[in-house]
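Here the structure comes first, spelled out in C-alpha cells, and everything after it is commentary.
The values are calculated or read from the model by the stated rules, or taken from the named source; none is laboratory data. What you see is a predicted model, and the numbers here were worked out from it, not measured in a lab. Counting neighbours? That spans all protein chains shown, and the Cβs are built from the backbone with ideal geometry, glycine included.
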Amino acid sequence: MSGSRHQPTIVVEDVVKRYAAVTAVDRVSFAVERGEVFALLGPNGAGKSTLVRMLCGIIAPDEGRLRFDLGDGERQSADPLRTGYLPEDRGLYADAKVLPMIVYLAGLRGLERAEAERRARTWLERFDLAGREDERVDALSKGNQQKVQLIASLLHEPALAILDEPFSGFDPVNQDLVSRLIGELRDAGTTVLLSAHHMDLVEAIADRVLLMHRGREVLGGTLDAVRAASGVTRRVRVTLAEPATSEALAAARVGPTRAREGGRVHEVDLPEGRTVGSVLHALTARFEVVDVHSEAPSLRELYLRAVGVDPEAENGADGASARNGDGARPGRSTP
C-alpha cells in the first residue's frame, strides 16, 4: 500500500441514532483508513445498516459527528460523485432495461454516456450477463439483480465504496466473485466499507472489522487484534490414545479444556503469548498424544463468545465442556 494508507477517509465520533424507544446505534466511534477494506459485522438488528445509511447521508445522526476526506479536503458528508453505494434493499427500477438503467445511473455520477456504456458492457460480461442488456430488471433472478446493482454502484470508479450486505442473494460461486472484486478495489486504492453478517466471507478480505451487537461496538481492529482482545489467539485440538478425566487434565496444568468423544479429544484455547508447544509439553509428560490440530478461532466464534453465546451450544455440538475441570458452560443468549 502507498504511504497515504493511514490517512482516514471516514471518521465516526460517538454517533447515536434512535427510533422511538429503540437506540439503533449507541455511541459508536471508528475510523476507516484510505485504501483499506473495513467491515461492519453482526446479525440483523446490530445497527450496521443504520450506520451505513448515516454514512451515505440518507439519515442524520441524533448525536455525534461524521467526517469524510476522499483526498480533496474534509467535509461533513460523502461526495456522491466519488462515492459508490450498494443498498441492502434493491433500489433498481423494476421495469427498466438493464443497460439503459446502468448508463442512466452512471450519468447521475458524472459519467459520459459513451464511456458509461463501454464500462457497463465490460462489467456485464464479467458478471456473466452479456447478452441480457435489453432485458427488464424484473425478468432477472434475485442474484442477477444484485449483480446489476453492484455494477451500478461501482461503474463510476468511486474513491469510496459503501457496500451494504454485498453477498446477499449470491451462491458460493458468486460470493467468491464478489470477494475477489472487493480485493481488486482495495488493490486499486479504493476505500471499501462493507456491512455483512457473512463473517466467514469477510474474514478473508477485511483489513479491519468492527463487531456490533444491539447498536454497540463489541470488538474492533485487525483480526489479530480482535483475537487478542477476546483472550483466544489459537485453539489446539489434541487426541489422546486413552480417555482422560478433567481431574487428570487439571493435574497436567494445561488450562481450561473442552472434552470431546468420550474424553479422548480435548480442546484448549490459547491466550496471547502461550504456544502450542507448551500445551504439548504438558500433555506428553502424562498422556500419549496421537494427533494434534491447531487453528485460529473464526470471527463468528469470537463474536458469539463476546456476546455471551457458547459457539458449541450454538452449533448443537455434543460433548462436555470443562472449564478448569468444573464442566461449567456459559449461559446462552441470542444476539
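List of remarks:
- Within segment 47-77, considering residues that are out of contact with any Lys or Arg (no Cβ under 9 Å at 6 or more places or on another chain) and free of Cβ contacts under 8 Å to residues at least 12 places away in the same chain, the one surrounded by the most Cβ atoms within 10 Å (Cβ to Cβ): Ile58
Rundown of residues vs (1) farther than 17 Å from Leu302 by Cα; (2) in contact (Cβ under 8 Å) with a residue 24 or more places away in the chain; (3) out of contact with any Gly (no Cβ under 6 Å at 6 or more places or on another chain), yes/no style:
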| residue | (1), (2), (3) |
| --- | --- |
| Ala159 | yes, yes, yes |
| Leu163 | yes, yes, yes |
| Pro172 | yes, no, yes |
| Arg180 | yes, no, yes |
| His197 | no, yes, yes |
| Ala206 | no, yes, yes |
| Val209 | no, yes, yes |
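- Asp72, sole failed condition from (1) part of a strand (DSSP E or B); (2) more than 30 Å from Ala204 (Cβ to Cβ): (1)
- Contact map, segment 286-306: first residue touching a residue at least 60 places away in the same chain (Cβ under 8 Å), second residue acidic (Asp, Glu), Cβ cut-off under 6 Å, separation 6 or more or different chains; pairs are Leu299/Glu203.
- Qualifying residues in segment 228-267 (those that are among the aliphatic types (A, V, I, L, M) and within 35 Å of the chain's Cα centre (by Cα)) - the one nearest to Val279 (Cα to Cα): Val254
- Considering each residue of segment 13-28 in turn, none proves to be hydrophobic (A, V, I, L, M, F, W, C), assigned by TED's automatic domain parsing to the domain that holds Ala78, more than 11 Å from Gly215 (Cα to Cα) and surrounded by 15 or more Cβ atoms within 10 Å (Cβ to Cβ).
- For segment 268-280, the candidate set comprises residues that are crowded, with 19+ Cβ neighbours inside 10 Å and within 29 Å of the chain's Cα centre (by Cα); within that set, the residue that is farthest from Arg227 (Cα to Cα) is Val268.
- For segment 151-166, the criterion of being under 17 Å from Val192 (Cα atoms), touching a helix residue (DSSP H, G or I) at 6+ places or on another chain (Cβ under 6 Å), surrounded by 15 or more Cβ atoms within 10 Å (Cβ to Cβ) and of a type in the set (Asp, Glu) is met by at least one residue.
- For Asp200, the conditions (1) in contact with a Lys or Arg (Cβ under 7 Å, 6 or more places away or on another chain); (2) surrounded by 18 or more Cβ atoms within 10 Å (Cβ to Cβ) all hold with the exception of (2).
- Of the helices (runs of 4 or more DSSP H) lying entirely inside segment 95-174, the ones with 3 or more residues being closer than 25 Å to Phe68 by Cβ are found at 98-108, 142-154.
- Considering residues of segment 287-311 that are buried (at least 17 other Cβ atoms within 10 Å of the Cβ) and of a type in the set (Asp, Glu) only, the residue nearest to Ala39 (Cα to Cα): Glu301
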